[in-house]
Amino acid sequence: MSTKPQDLEALVGQKYRHGFVTDIESDTFPPGLDEDVIRALSHKKREPAFMLEWRLKAYRHWLTMQEPRWARVHYNPIDYQAISYYSAPKPKANAPKSLEEVDPKLLETYAKLGIPLHERAKLAGVAVDAVFDSVSVATTFKERLKQAGVIFMPISEAIQQHPDLVEQYLGSVVPHTDNFFASLNSAVFTDGSFVYVPRGVRCPMELSTYFRINAAKTGQFERTLIIADAGSYVSYLEGCTAPMRDENQLHAAVVELVALDDAQIKYATVQNWYPGDEQGRGGIYNFVTKRGDCRGRNSRISWTQVETGSAITWKYPSCILRGENSIGEFYSVAVANNYQQADTGTKMIHIGANTRSTIISKGISAGHGQNTYRGLVKILPSAAGARNFTQCDSLLMGDQCGAHTFPYVEVRNATATAEHEATTSRIGDDQLFYCQQRGLSEEDAVNMIVSGFCKSVFKELPMEFAVEAQNLLSVSLEGAVG
Amino acid sequence: MTEPLLKICDLTVAASGKTILNGLNLELPVGEVHALMGPNGSGKSTLAQVLAGRSDYAIVRGTVSYQGRDLLAMPAEERAHAGVFLGFQYPVEIPGVNNVYLLKAALNAQRKARGEPEVDAFEFLGLVREKMKLMRMDESFLNRGVNEGFSGGEKKRNEILQLLVLEPTLAILDETDSGLDIDALKVVADGINTLRRAERSFLLVTHYQRLLNYVQPDRVHVLADGRVVKSGDRTLALELEQRGYDWVRAQAKVA
């Protein structure tokens, strides 16, 4: 843990002001949404007919829907006709040619986060041909995945190359009618990731490693589909601890996971989108639908998320525990600092017998941040012997922030067990003084207390990211106490 | 005569508008052990906290010089780096933070500030194991959260463990003896005695003279109404044990 005397919050803000304001020359549709826009989009992406049909169905359904208002978040109305639904960025002519041309402040943040050297150039937007290392690394990864039979590609390519798999599984977990934002996403999504792990295969690497180096620009309506066939295993990390370059305010992504018999999917998210400035202006609205379907017996899906970015987060990674003995897990750290609002949690739907779920949620509120945990545990009559354990802890820093917990528990089978524990605590002056009296600086003391609080979630992250996530948290909370 | 390690002059301190320390004078020479006794509410713990750098108190007037430096001008962590250690009366719990991790971070923060090389994990573990043996602490203490679920006695032993590892120049122990059974008291006293050196000073804040049977002080001071009203050798502690505090107070008022 290093100590920097200067105000890093100001530094993080600066990076956003100076980093990414250059015009991007791109192939962009005019703003607005109607059936013709969707047809044009589908045509541009050379999609098979079933995709266009599905998009149009979703769009027509979306027109009948209302934007949800039940979340504990406040924002100005979004004008959906003011958004451009297709934009293919071309390589920037004026992109930095090497790390020497990149804003040193941005590089400083990368260093503080512990991002490996060879990735920094890519993340900073240095033109690809100027990046010496990552291209060859990525090629090696590609070769290894191919040998194992794992399909991992942009979903736009999968739609063309594996239409049968996409048609079978797309929308099978999050249907095109699911909710306002998911329906919109189904109609207009442009890209995302597709993963298929064949029967009995253990994916030979953390897909995160590959993903990060290829840091695909997936745009604001991202669609991800991961299928783990019987007896397979895959671990996937989405996002990045590095501040994300992004000019879209609304993000409405959908992630679908399917685990067949004895299969396991670990899905981790580390999200650090622009949260808005200290007064709460700007910042990303992150309205995401993430759901995993434990379709097979003994299958297992775990969601781990570290949410430090976005102005507004509306996100409930969920598990449908259909298969007998299947297991769903949700581990979450959500930070709301300055004027950030987070309404996040999970749904565990127990359908199969002896299904089990664990929910560990850690909310940290600082500044004027508002952090809400909203969770549903639903045990259906068919789920004999089902078990759930939920733990929701909130940590408050300062006296202007808020923590709210809305747990819903519905148990319809008398043999099921559901446990719920919740705590709220405050970083106390006593704790800080104790650490400082032993010689730690205030920042190091805060970091230590916060990471202790988040420990049970961090240990679920892939090792290299656990360290970065911890660093990210300290950057996000810099100056929050005192 | 050499300059004392700690020299407190006319220290007057208030909290929430109430005066707690009122013109306190005290000198602690290098290498000596002084006991600070006094009735409840006399300001003993406040003095300990103020010396360690707690910022909740308003310094009304007075000076504190430590190794010739203006102690009150230094932030808490700088005092720690300069060798000031406070053994807390009520050590706080820090859930999820490994006990040994805090201790290692503390030691390295102090070493770094003094320009010494940081100790690595192996070196540190060896050191801490040796000290734990001395304190008769179980290995499981290493991996528990800081004071998390510790009994009162365990917390106090943990404070002395930190003392042994950090090896401060000035150790202020705030009622480290309270709430200890006789066996634990002996262990704690042994811990303190192993650290007694010509270059290290102790300020033992205590209610009872019990601890002083095991750790023999060079001087005993009695604090009442926010100032030192009587000082003497260790026989003063015995006298206090027999006669209580009222006579000292009465004497002070007359004088």
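Out of the residues in region A:186-211 that are at pLDDT 95 or above and farther than 16 Å from A:Ala259 by Cβ, state the one that is surrounded by the fewest Cβ atoms within 10 Å (Cβ to Cβ). The extreme case among them is A:Ala187. Within region A:400-458, the set of residues being of a type in the set (A, V, I, L, M) and within 8 Å of chain B (Cβ to nearest Cβ) comprises A:Leu440, A:Met448, A:Ile449.
The helices (runs of 4 or more DSSP H) found entirely in region B:98-166 that carry 2 or more residues being small (Gly, Ala, Ser) and crowded, with 19+ Cβ neighbours inside 10 Å are B:99-113. If we keep just the residues of region A:149-171 that are within 20 Å of the chain's Cα centre (by Cα) and not in a helix (DSSP H, G or I), which is farthest from A:Leu260 (Cα to Cα)? Of everything passing the filter in region A:149-171, A:Pro154 is farthest from A:Leu260 (Cα to Cα). Going residue by residue through region A:435-448, is there one that turns out to be touching a residue at least 60 places away in the same chain (Cβ under 8 Å) and among the small types (Gly, Ala, Ser)? Yes; the residues of region A:435-448 include at least one that is touching a residue at least 60 places away in the same chain (Cβ under 8 Å) and among the small types (Gly, Ala, Ser).
Each residue in region B:85-100 was checked for being over 14 Å from B:Ile160 (Cα atoms) and at pLDDT 90 or above, and 4 pass.
Among residues of region A:348-389 being at pLDDT below 95 and part of a loop (DSSP other than H, G, I, E, B), the one that is surrounded by the fewest Cβ atoms within 10 Å (Cβ to Cβ) is A:His368. Has region B:181-193 got any residue that is among the charged types (D, E, K, R), within 14 Å of another protein chain (Cβ to nearest Cβ) and either surrounded by 14 or more Cβ atoms within 10 Å (Cβ to Cβ) or in contact (Cβ under 8 Å) with a residue 12 or more places away in the chain (or both)? Within region B:181-193 (the criterion being among the charged types (D, E, K, R), within 14 Å of another protein chain (Cβ to nearest Cβ) and either surrounded by 14 or more Cβ atoms within 10 Å (Cβ to Cβ) or in contact (Cβ under 8 Å) with a residue 12 or more places away in the chain (or both)), the answer is no, since none of the residues qualifies.
Scanning region B:1-33 for residues that are of a type in the set (A, V, I, L, M, F, W, C) and outside any strand (DSSP E or B), we see that the one that is surrounded by the most Cβ atoms within 10 Å (Cβ to Cβ) is B:Leu5. Residues that are in a strand (DSSP E or B) and either touching a helix residue (DSSP H, G or I) at 6+ places or on another chain (Cβ under 8 Å) or closer than 22 Å to A:Gly428 by Cβ (or both) within region B:34-60 comprise B:Ala35, B:Leu36, B:Met37, B:Ala58, B:Ile59, listed in sequence order.
Being under 26 Å from the mean Cα position of the chain (by Cα) and of a type outside the set (Asp, Glu) is the requirement here; does A:Thr390 meet it? The answer is yes for A:Thr390. State all residues of region A:40-72 that are part of a helix (DSSP H, G or I) and exposed (fewer than 15 other Cβ atoms within 10 Å of the Cβ); if no residue qualifies, say none. Listed by number, the residues that qualify are A:Ala40, A:His43, A:Lys44, A:Ala49, A:Phe50, A:Glu53, A:Arg60, A:Leu63. Within region A:390-418, count every residue that is assigned to a strand (DSSP E or B), acidic (Asp, Glu) and over 18 Å from A:Arg374 (Cβ atoms). Selection size over region A:390-418: 0.
Within region A:407-427, residues that are under 17 Å from A:Gln391 (Cα atoms) sit with their Cβ atoms under 7 Å from residues that are of a type in the set (Gly, Ala, Ser) and surrounded by 15 or more Cβ atoms within 10 Å (Cβ to Cβ), at 6+ positions apart or across chains, in these pairs: A:Pro407/A:Gly375; A:Tyr408/A:Gly375; A:Val409/A:Ala418; A:Thr424/A:Ser394; A:Thr424/A:Ala403. Of the residues screened, B:Val92 is one that is out of contact with any strand residue (DSSP E or B) (no Cβ under 7 Å at 6 or more places or on another chain), farther than 21 Å from B:Arg197 by Cβ, outside any helix (DSSP H, G or I) and among the hydrophobic types (A, V, I, L, M, F, W, C). Among residues of region B:40-97 being on the phi > 0 side of the Ramachandran plot and more than 14 Å from chain A (Cβ to nearest Cβ), the one that is surrounded by the fewest Cβ atoms within 10 Å (Cβ to Cβ) is B:Gly68. Pairs linking a residue in region B:197-209 that is more than 16 Å from B:Lys7 (Cα to Cα) to a residue that is basic (Lys, Arg), with Cβ atoms under 7 Å and 6 or more positions apart or on different chains, are B:Val205/B:Lys44.
The values are calculated or read from the model by the stated rules, or taken from the named source; none is laboratory data. Remember, predicted model here, so these are calculated numbers, not experimental data. Heads up, the Cβs are rebuilt from the backbone with ideal geometry, glycines too, and the neighbour counts pull from every protein chain shown.
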